[in-house]
Amino acid sequence: MGKNYKADLHNINTFVLDYDGVLTDGMVILTADGEALRTANVKDGYAMQLARKKGYRLIIISGGYSKSTLYRLQNLGIEEIHLGVEHKLETYHEMIKKYNLKPENVIYMGDDIPDMKPMSEAGLACCPADAAEEIKAMCDYISPVKGGHGCVRDIIEQVLKVQDNWLDGDAHHW
């Protein structure tokens, strides 16, 4: 782990998240028609929808694709959903350009090798407790929580608390 990440949380307005291994535990159940079903943590979902309501940008960049994943993310109100992405760095650059983002305003949470390049360009690189060792070695913050078990809630909650956006009127309803 590098710098003291806590001071940098004040600058964050964008969360870029991988899906499989971050918002899920990485396990999939394959149906007879080939659909890959994943489980997701409702606490992550709560934090994501609250961050969105508060004006934070949420961007999903995932190599995986499934209709159920797309459906879940759309129901949380996330507009930038990029599934089936082969080169995450290209999509990351497109989002940086589209929204004129500065690195210091971006958290990227990933868990495996395909996330390395975009994570290296984000202001804060974060990962779940069970991320690949190479990812842990480059992160500014390693959540004590595993992927799919609330690691996204962990980092979003920290940002919203530091910026006084956590327990207010918006927090008490979906």
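Please verify whether the stretch 36-54 includes one or more residues that are in contact with a Pro (Cβ under 8 Å, 6 or more places away or on another chain) and either hydrophobic (A, V, I, L, M, F, W, C) or at positive phi (or both). Within the stretch 36-54, none of the residues are in contact with a Pro (Cβ under 8 Å, 6 or more places away or on another chain) and either hydrophobic (A, V, I, L, M, F, W, C) or at positive phi (or both). Among the residues of the stretch 45-89, just one is in a helix (DSSP H, G or I), more than 30 Å from GLY169 (Cα to Cα) and aliphatic (A, V, I, L, M), namely LEU89. If we scan the stretch 55-78, do we find a residue that is within 23 Å of ASP140 (Cβ to Cβ), out of contact with any Cys (no Cβ under 8 Å at 6 or more places or on another chain), touching a residue at least 60 places away in the same chain (Cβ under 8 Å) and not polar (S, T, N, Q)? Yes, the conditions are met somewhere in the stretch 55-78. Of the listed requirements (1) crowded, with 19+ Cβ neighbours inside 10 Å; (2) not in a strand (DSSP E or B), THR39 misses just one: (1). Among the conditions (1) crowded, with 16+ Cβ neighbours inside 10 Å; (2) within 15 Å of the chain's Cα centre (by Cα), the only one that MET138 does not satisfy is (2). Listed conditions (1) touching a Ser or Thr at 6+ places or on another chain (Cβ under 9 Å); (2) part of a loop (DSSP other than H, G, I, E, B); (3) surrounded by fewer than 23 Cβ atoms within 10 Å (Cβ to Cβ) are all met by VAL22, apart from (3).
Please determine whether any residue of the stretch 125-134 is among the small types (Gly, Ala, Ser), touching a residue at least 12 places away in the same chain (Cβ under 8 Å) and in contact with a Phe, Trp or Tyr (Cβ under 7 Å, 6 or more places away or on another chain). Yes: one or more hits. Among all residues of the stretch 148-161, there is none that is surrounded by fewer than 17 Cβ atoms within 10 Å (Cβ to Cβ) and either touching a helix residue (DSSP H, G or I) at 6+ places or on another chain (Cβ under 8 Å) or part of a loop (DSSP other than H, G, I, E, B) (or both). State whether the residues of the stretch 60-76 include one that is closer than 22 Å to MET116 by Cβ, surrounded by fewer than 17 Cβ atoms within 10 Å (Cβ to Cβ) and in contact with a Gly (Cβ under 6 Å, 6 or more places away or on another chain). Checked against the condition, which is being closer than 22 Å to MET116 by Cβ, surrounded by fewer than 17 Cβ atoms within 10 Å (Cβ to Cβ) and in contact with a Gly (Cβ under 6 Å, 6 or more places away or on another chain), the stretch 60-76 yields at least one hit.
Bear in mind that the values in this text are calculations on the coordinates, not laboratory data. If you're wondering where the values come from, they're calculated on a predicted model, not measured in any experiment. No Cβ is skipped: glycine too gets one built from the backbone with ideal geometry, and neighbour counts run over all protein chains shown.
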